[in-house]
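Just below is one structure, and these are the notes that go with it.
Only the coordinates and a few stated rules stand behind these numbers; no lab work does. Just so we're clear, the structure is a prediction, and the values are computed from it rather than from any experiment. Cβ sites come from the backbone with ideal geometry, for glycine too, and all protein chains shown count toward neighbours.
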Amino acid sequence: MRILVVVGTRPEAIKMLPLVLELKKYSQFEVLVCHSGQHEDMCRGIFEFFGIEPDVKFSVMRKGRSLWELSQKLQESFNSLFETEKFDLILVHGDTTTAFCASLAAFYRGIKIAHVEAGLRTYKKEPFPEEFNRVAIDNMASVHFPPTEECVKNLAKEGIFHTQAVGNTVIDSFAYTLDEKYTSPIFENARNRKIILITTHRRENLGEKMKNALLGIRDILENRDDIYAVFPMHPNPAIRNIAREVFANTDNIELCEPLPVYDFHNLLSRAFAVITDSGGIQEEAAYLGVPVFLLRDETERGEAVSEGNVYLVGTKREAVTQAFFQIMGDDTNLLSMRHKSTVFGDGTTSEKIAKKALVNGEK
Ligand code: UDP
């Protein structure tokens, strides 16, 4: 079976490369990896970390390129690839523009699509454009790997039956990244203060919403000198400008470049809490038992809210501050958020996908 694994963004690389390593163990598969270049800079180190060189590489990003232009370029690139190279199956992940365009190009040519991280839904227009992408990909795919029972149910509502929850490959990546001996200059900078990680990147939060949320975080930091925040800023200048403006005079925060996944996972596993609008970090933090304050009004990872790990905070300045102090002031709340959950997997997802589903054909 000739398989193409498609990767475009940082989270896709972190979640798909452990699966690539697993698939390469089976002689039945010829595995090729395509990197679309959607997050060219942020993915380079991840490919190196996992020791994988993409077999096919596109370069689709240009400064100021719109979503439309990006999707056009991606569709053209995948279409040309499928014109010259034959694949029995493509494996796409999640909800990115890369995954959507690869799927569309494959779908039009009748190439079988397997969707990893299938069935996540908010049933709203947001997150934009991710909700549209994942619904469309699930519709085009003929093999689905939903991470949780909730996702299995979501797929069934759309007429996609007989799928099985396999967990999320992001938990598999911890086998490569987590290191008991990890050290970092960040620990020296923190000087025994509690470390809080911050990340923001959602398109729909850009502008006022993001500014308000960051002002809420600034209020927390100004009130708590026992906290040291680390904010690896997404490369998008619109995000960096807001962060630099809001935290210009805050001294218990470190604004830095995106961290290599090895550093981010090890810091996260030792963090007091994380404040984020990320999807994948909710899954990682739930497994590691790190409280998540989520700068969104909804989540497609409702399991993490039910399990107690994720607090849906939104982006209003006062709401961010209040949520933080409410949890931090109550040991019972804090304890329930520190609960370690395997709802997103136990580290065996890649094996389940490769062996049970693709080799043995089990549903
Ligand atoms: N991450 C990282 N370095 C950072 C921040 C995040 O390696 O400085 C990783 C994080 O561990 C997670 C992924 O990036 O696996 C999340 O990516 P992002 O929040 O950009 O996307 P989403 O998960 O929301 O699609």
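Magnitude of the Cβ-charge dipole of the chain, K/R +1 and D/E -1, about the Cα centre, nearest 20 debye?
Its charge dipole is roughly 480 debye.
Sites listed here are chymotrypsin sites (Phe, Trp or Tyr not before Pro) in region 122-171 whose DSSP assignment is loop and whose Cβ has at most 15 other Cβ atoms within 10 Å: Y123, F161.
Relative contact order, whole percent, for the chain stands at 15, derived from Cα pairs under 8 Å and 6 or more residues apart. Kindly identify region 62-119 as rounded, prolate or oblate by the Cα gyration tensor criterion: order the square roots of the eigenvalues as a ≥ b ≥ c, call it rounded if a/c is under 1.5, otherwise compare a/b with b/c, prolate if a/b is larger, else oblate. Oblate. In this Cβ point-charge picture (+1 for Lys and Arg, -1 for Asp and Glu), region 264-363 has a dipole of about 260 debye about its Cα centre. Across the chain, Cα-Cα pairs farther apart than 27 Å form 46% of the total. In region 154-310, taking the dipole from charged Cβ atoms about the Cα centre, the farthest positive-side position among T200, I281, N223 is held by N223. In region 247-363, Cα pairs under 8 Å separated by at least six residues give a relative contact order of 21 percent. On a 0 to 90° scale, report how tilted helix 237-246 is relative to the longest principal axis of the chain, with both axes built from alpha carbons and the result rounded to the nearest 10. On a 0 to 90 degree scale, this one is about 10.
Neighbour counts of other C-beta atoms within 10 Å: give me M1, M233 arranged from fewest to most.
Going from least to most buried by this count: M1, M233.
Calculated mean residue ellipticity at 222 nm for the chain: -13000 deg cm²/dmol, from DSSP H runs with n ≥ 4 weighted as -39500 (n - 2.57), summed, divided by the residue count and rounded to 500.
Relative to the longest principal axis of the Cα atoms of the chain, the long axis of helix 208-223 makes an angle of roughly 40 degrees.
In degrees from 0 to 90, rounded to the nearest 10, what is the angle of the helix 317-328 Cα long axis to the longest principal axis of the chain? Between helix and principal axis, roughly 80 degrees.
List the longest stretch of the chain that has no exposed loop site; here a site is one of the GluC sites (Glu not before Pro) assigned by DSSP to anything other than H, G, I, E or B, with at most 10 other Cβ within 10 Å. Segment 181-361 is the longest. Across region 142-290, C-alpha contacts under 8 Å between residues 6 or more apart give a mean separation that, scaled by the residue count, equals a relative contact order of 27 percent. For region 170-302, a simple Cβ point-charge model (Lys and Arg +1, Asp and Glu -1, everything else neutral) yields a dipole of about 180 debye relative to the Cα centre. Just report the Cα centroid separation between region 87-148 and region 179-207, whole Å. Distance between centres, Cα-based: 31 Å.
Over region 1-129, what lengths in whole Å, largest first, do the semi-axes of the equivalent ellipsoid take, defined as the square roots of 5 times the eigenvalues of the alpha-carbon gyration tensor? Could you put the intermediate results ahead of the total?
Details: eigenvalues 89, 58, 51 Å².
Ellipsoid half-lengths, sorted descending, are 21, 17, 16 Å.
Quick one: net charge of R62's neighbours, Cβ under 12 Å, K/R +1, D/E -1? Net of charged neighbours comes to +1.
Comparing T250, L214, F132 along the charge dipole axis of the chain, the residue lying farthest to the positive side is F132, per the Cβ-charge model.
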